[in-house]
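Next up is a structure, given as C-alpha cells.
The values are calculated or read from the model by the stated rules, or taken from the named source; none is laboratory data. All values derive from a computational prediction rather than experimental measurement. Here the Cβ is made from the backbone with ideal geometry for all residues, glycine too, and neighbour counts use every protein chain on show. For the accessible areas, the whole protein counts, side chains as well, though only heavy atoms, and no ligand, DNA or RNA atoms are used. Shrake-Rupley method; radii C 1.70, N 1.55, O 1.52, S 1.80 Å.
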Amino acid sequence: MGDIRLPRLNATDEEYTLLEWLVGDGASVGAGTAVALVETSKAAHELVAEEAGTLWQRIHAPSTCRPGEVVATVARDDRPVQAQRNADPDPITITRPARQLMVEYGVAEETVRSIGKVVISRSDIEQLVAGQAGSAAVERVPVSAAQRRVARTVSASHREIPAAYSVVKVVADRLKQRLRDEAATVGFLGVPELVVKAIAARRKQFRLFFAHAVDDQTVTVRPGAHVGVTIDVGKGLYLPVVADADTRPLRDISADLLRFRLAAMRGDFTEADLTGSNIAFAIHTDADIVHAQPLIFPEHMCALSLASMQRELILLDDGSVTSSEYFHLGLAYDHRFVNGRSAVAFLHAVKADLESG
C-alpha cells in the first residue's frame with residue numbers, strides 16, 4: 001500500500017487545486033498511471049501513481065490542497081480504513097472558540113465556508129455575525145482558489161512596487177496595412193503579435209525595462225526579451241511567455257500566441273510555458289476599451305497594455321475630412337528604477353516601430 005502525496009510543484013504557492021480525478025475511485029491503476037490533474041498558479045500538472053494497485057481517493061475534486069497532503073492511496077485489497085474518502089470537498093479548520101460562537105448564534109458551517117479562509121477563528125465568526133446583522137440581504141460569494149492566487153499577486157505588487165504609468169497614442173493606419181501584407185506569409189496575425197515584436201526589439205536599448213529588482217538598490221538583467229502575455233478566457237488569468245521574442249521571427253511569435261489561447265481554453269499550460277518572463281504585456285482589446293493600466297508582476301520592472309482599436313475623423317489642410325484608426329499603448333513601471341523620461345522614450349520607440357509599418 002502506498003500513499004500519493006501532493007508534491008511541492010513550485011516555490012511560491014502554499015496551496016493548489018485538485019481539479020479532477022483522471023481515474024475513478026476504486027479503479028485499478030498501473031505504475032506510472034496519471035491519476036489526477038492539479039492546478040498551481042502557473043500550470044496544470046498530472047499526479048502519477050508510483051505503484052500498481054487499486055486507487056482509493058482521499059479527497060474529492062475540485063478541492064484545495066497543500067504540498068505534502070495525502071490525496072489518494074494505492075492498495076492491493078479493499079479500501080483501507082485510513083483511506084476513507086474525505087467527505088469535505090474543501091477542508092477547513094475551525095477553532096474551538098469559533099465553533100462555540102457558531103453554536104451560540106446558529107451559524108451553519110456552510111455559511112462559514114463562504115468566508116474563503118482555510119483556518120476560521122473566533123474573530124472571523126464575529127465579523128460574519130456582525131455583517132449578517134447589518135444586512136440580512138448580503139450574500140457572501142466564495143472566491144475560487146485560482147482567483148485567490150491572483151489576489152495574492154496583486155496585493156504583493158501594490159505593497160512592494162511603487163508604480164507609475166504613462167500612455168501614448170499609436171496611429172495604426174500603416175500597421176493595419178502591414179497586417180494585410182504579411183497575412184499571406186505569416187498566417188494569422190494581429191496587433192498583439194506586432195506589439196510583442198516591437199517591445200522585444202527595444203531590449204538592448206532599454207535593458208533596465210527587462211530587469212528584476214532584487215532590493216531597492218540592486219537589479220539583475222538576463223539575456224533575451226521574454227515577453228509574458230496575459231491570457232484570460234474566463235478560466236483564470238495566465239501569463240505564458242513568448243521566449244526570445246527579440247531574436248525569433250514574427251511567424252513564431254504568432255504561433256506561440258495562438259497556442260497560448262488554445263491552452264488557456266483547455267487548461268493545459270505546461271510549467272515551461274509560464275516560466276521565465278522578464279516583461280509583461282496585457283491585452284485589453286475588447287470593444288470600447290480605450291485605456292487599461294496593467295499590473296506590474298513582482299518579478300518584473302515593467303508591464304505594457306494594449307487597448308482596443310478606435311476610429312477618429314481627421315480634418316485635412318484642404319478642409320476635407322478623412323478617418324484614421326488608433327489605439328492606446330500604456331506602460332506601468334517600477335518608479336524606483338525607471339523614471340518618467342525613460343518611460344516616455346521607451347513608449348515613443350515602440351510607437352515609432354509600430355507606426356512605421
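Taking the mean number of other Cβ atoms within 10 Å as a proxy for protection, how do you rank 296-306, 28-38, 271-281 from highest to lowest?
Listed from highest to lowest mean packing, they are 296-306, 271-281, 28-38.
Would you please give the FRET efficiency between residue 117 and residue 251, computed as 1/(1 + (r/R0)^6) with r the Cβ-Cβ distance and R0 = 41 Å, to the nearest 0.05?
Details: r = 48 Å, r/R0 = 1.16.
Plugging the Cβ-Cβ distance into 1/(1 + (r/R0)^6) gives 0.30.
At 222 nm, what value in deg cm²/dmol follows for the chain if DSSP H runs of at least 4 each add -39500 (n - 2.57) and the sum is divided by all its residues, to the nearest 500?
So the helix-based figure for the chain works out to -9000 deg cm²/dmol.
Note down the nm distance, to one decimal, between modelled labels 7 Å out along Cα→Cβ at residue 183 and at residue 339.
Taking the two extended label points, one gets 4.5 nm.
Apply 1/(1 + (r/R0)^6) to the Cβ-Cβ distance of residue 10 and residue 96, taking R0 = 45 Å, and write down the FRET efficiency to the nearest 0.05.
Once rounded, the FRET efficiency stands at 0.85.
Would you mind working out the accessible area per residue for the chain, using a 1.4 Å probe, and quoting it in Å²?
Values: 18150 Å² over 357 residues.
Spelled out: the 1.4 Å probe surface of the chain, per residue, equals 51 Å².
Between residue 322 and residue 261, what is 0.36 nm times their sequence separation minus the Cα-Cα distance? Round to one decimal in nm.
18.4 nm is the gain from fully extending residue 322 to residue 261.
Further question on the same structure: Hey, quick one: spin label on residue 20, modelled 7 Å out along Cα-Cβ, who in the stretch 36-57 has an amide N within reach, i.e. under 13 Å?
Under cut-off, by backbone N: 36-39.
Among the lysines, select those whose C-alpha is under 17 Å from the C-alpha of residue 235, and discard any that sit fewer than 8 residues away in the same chain.
List returned: 42.
Expressed as a whole percentage, what fraction of the accessible surface of the stretch 305-357 belongs to carbon and sulfur atoms when a 1.4 Å probe is rolled over the protein heavy atoms? Kindly include the intermediate steps, with their values, before the conclusion.
On the way: 1270 of 2570 Å².
Of all accessible area on the stretch 305-357, carbon and sulfur atoms account for 49 percent.
On to the next question. Can you work out the FRET efficiency for the pair residue 150 and residue 217, with r the C-beta to C-beta distance and R0 = 30 Å, to the nearest 0.05?
0.55
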